Amino acid sequence: MGQSAVDGPLGNAAWELLLPAASAPARSRGRSLRSALREAVRSGRLASGTRLPSSRELAADLGVSRGLITETYEQLTAEGYLRSDRGSGTWVGGAARAAAPAVRDRAPRPGHARVDFLPGVPDLSLFPRAAWATAHRRVLADLPHHMLGYPDPRGLPRLRTVLADLLVRRRGVVADPERVVVCSGVAQAMTLLALALRARGHSAVGVEAPGSPEHETLIAAAGITPVGIPMDDEGVESGRLRERDVRAVITTPAHQFPSGIAYSARRRAELLDWARSVDGLVVEDDYDGDFRYDRAPVGALQGLDPEHVAYTGSVSKSLAPGLRLGWLLVPDGLADEVVERKRVMDLGNPTLDQALLARFVERGDYDRHLRRCQRAYRDRRDALVAALGEHLPGVRVTGIAAGLHVIARLPDRWGPQDVFLERAAAAGIAVRPLSDYGTPAGTGVSLVLGYAHLPPARIVEGVRLLAEAVQEPCGAQALDHARVESTRR
């Protein structure tokens, strides 16, 4: 009696893969065997050059027909997994390589800190799951079949109309639905604009300094050099724009990141005067313009001059960044170029998601959700400011009462900053210094503290733990350490 396949060249590991496949229902047995044998070769369980049992032997051991094994061998030989030499049997070929490692999740995740004051992160637990699910069911039920085809690259007309109405009402923009482009968030809007500007001969674009590092990254990826334009307490210094010889600049005038200021009326007017004088473009990123807690939000800059301002925003802070839905109001002179680049880039955003957001806004669910978030984030900001004042005496919170972060400036006695940050990290409290965003560290400690994703009790606890970790002023400790070191010399 011949040697069985399990004891022979096939080996135990590969046998374990094939036996369940041989037990599959008759209609899918051949497909299962081919898939299992491919996997055995790809994973390296069957090494290149391994001789396989004859079709008769393998069929007998697996309890299947010989014809099924013959067909499997022939199919995998044609695909390159096996090779067959007349008169000498079937062998594992050398074309296949080991399978790639398990898929990794590269999505950004919070670290392992006890409390992480990460700036710019919304509370994703506030996402309106019930209302969103209801809208999803209704949209699926009502959406005509033809709308599941390729959409208008600008976005569904229904959503563009809804967004235009929403932005006119909430942000004071001038919005023609024909000039609204639905994007995969602000990131894609920036990329589309940068590509269009590059095609028009722009080699550099101004960015706020300090400002969002993401703006610089997106512009550079499109082949344009980002040029830092200094900020003061009123906004981008318009005179520096002329010195830098740029004709486009990216701004966050409603709530500048990271400084937390709102552009003054004077600076907004100067910025528009500059744009008109050079036939330039101001890109307005209104990423958290809806969240103002001490008064009504200042209207968008775009409303003052829609031909020299491109306005962009998204639901990343108001709903969730994972939805990847945003909008771009583009000046008429750039509209055709931006839309064509959008068409070439991805043929448009998913129809179902667009229809869902349109319904969500139409029925008032979006406004209700924004009101809920505004109440929650205002309470959390108040809790943070109060906790800072109680546990870190002398702290000064700057910037307007808006958005998802504050700037906390501690007196010089708490410096040097690197010692302060080391102590905070050792205590498991993650904080971001303002210097991470291009601002000189100075002698004191300046922090960008996010609060929206933390409940009030957690905010208070985090500030208390931070204060306990740095309760002795860092400057005094550093001075004492320096004195000890000097005596040792």
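The values are calculated or read from the model by the stated rules, or taken from the named source; none is laboratory data. Note that the structure is predicted; figures quoted are calculated from it, not measured. Heads up, the Cβs are rebuilt from the backbone with ideal geometry, glycines too, and the neighbour counts pull from every protein chain shown. SASA here: full protein model, heavy atoms, side chains in, ligands and nucleic acids out. Shrake-Rupley method; radii C 1.70, N 1.55, O 1.52, S 1.80 Å.
Whenever you get a sec, line up LEU76, LEU143 from highest to lowest accessible area (probe 1.4 Å, protein heavy atoms).
LEU143, LEU76
How much solvent-accessible surface does ARG378 expose, in Å² to the nearest 10, with a 1.4 Å probe and all protein chains in place?
80 Å²
With a cut-off of 8 Å between alpha carbons and a minimum separation of six or more residues, what is the relative contact order of the chain in percent?
16 percent
Over the chain, what percent of the accessible surface lies on carbon and sulfur atoms, probe 1.4 Å?
Exposed carbon and sulfur together represent 51 percent of the surface.
Taking Kirkwood radius over Cα pairs in Å straight from the coordinates, which label in [x] 27.0; [y] 23.2; [z] 23.8 is the correct one?
Looking at Kirkwood radius over Cα pairs in Å for this model, the match is [x].
Can you give the accessible area of ASP353 in Å² (nearest 10), computed on protein heavy atoms with a 1.4 Å probe?
Number for this one is 60 Å².
Helix 66-79 versus the longest principal axis of the chain: what angle, 0 to 90°, nearest 10, using Cα atoms?
Computed tilt is about 50 degrees.
LEU197: accessible area at probe 1.4 Å, nearest 10 Å²?
Around 10 Å² of this residue is reachable by solvent.
Tell me, what is the percent relative contact order of the range 211-282, built from C-alpha pairs under 8 Å that lie six or more residues apart?
In percent, rounded to a whole number, it is 31.
Note down the net charge around ASP176, summing +1 for each Lys or Arg and -1 for each Asp or Glu among other residues with Cβ under 13 Å from its Cβ.
Residues near ASP176 contribute -1 overall.
Students often check this: by mean Cβ neighbours within 10 Å, which of 395-405, 426-436 ranks highest, and how do the rest follow?
Peptide ranking by packing, descending: 395-405, 426-436.
Expected output is a single nm value to one decimal: the length gained when fully extending between GLU307 and ALA426, i.e. 0.36 nm times separation in residues minus the C-alpha distance. What is it?
In short, 37.7 nm is gained.
By accessible area of protein heavy atoms, probe 1.4 Å, what ranking do MET345, MET231 get, highest first?
MET345, MET231
Determine Rg/Rh for the range 53-179; Rg is computed over alpha-carbon atoms and Rh is the Kirkwood hydrodynamic estimate from the same atoms.
1.29
Would you mind checking the tilt of helix 351-362 against the longest principal axis of the Cα atoms of the chain, expressed as 0 to 90 degrees and rounded to 10?
40 degrees
Taking only protein heavy atoms and a 1.4 Å probe, what accessible area per residue, in Å², does the chain have with all protein chains in place?
47 Å²
Let a ≥ b ≥ c be the square roots of the eigenvalues of the Cα gyration tensor of the range 377-426; is it rounded (a/c under 1.5), or, if not, prolate (a/b larger than b/c) or oblate?
Here the range 377-426 falls in the prolate category.
Take the Cα coordinates of the range 246-376, assign each an equal point scatterer, and use the Debye formula without solvent to give log10 I(q)/I(0) at q = 0.12, 0.16, 0.20 Å⁻¹.
-0.56, -0.96, -1.29
Return one number: the angle in degrees, 0 to 90 and rounded to the nearest 10, between the long axis of the Cα atoms of helix 265-277 and the longest principal axis of the Cα atoms of the chain.
Between the helix axis and the principal axis of the chain, the angle is about 70 degrees.
Rounded, prolate or oblate: which one fits the range 216-275, using the alpha carbon gyration tensor with axes a ≥ b ≥ c (rounded when a/c is under 1.5, else prolate when a/b beats b/c, else oblate)?
oblate
VAL103 to VAL344: FRET efficiency via 1/(1 + (r/R0)^6), r the Cβ-Cβ distance, R0 35 Å, to the nearest 0.05?
For R0 = 35 Å, the calculated efficiency reads 0.80.
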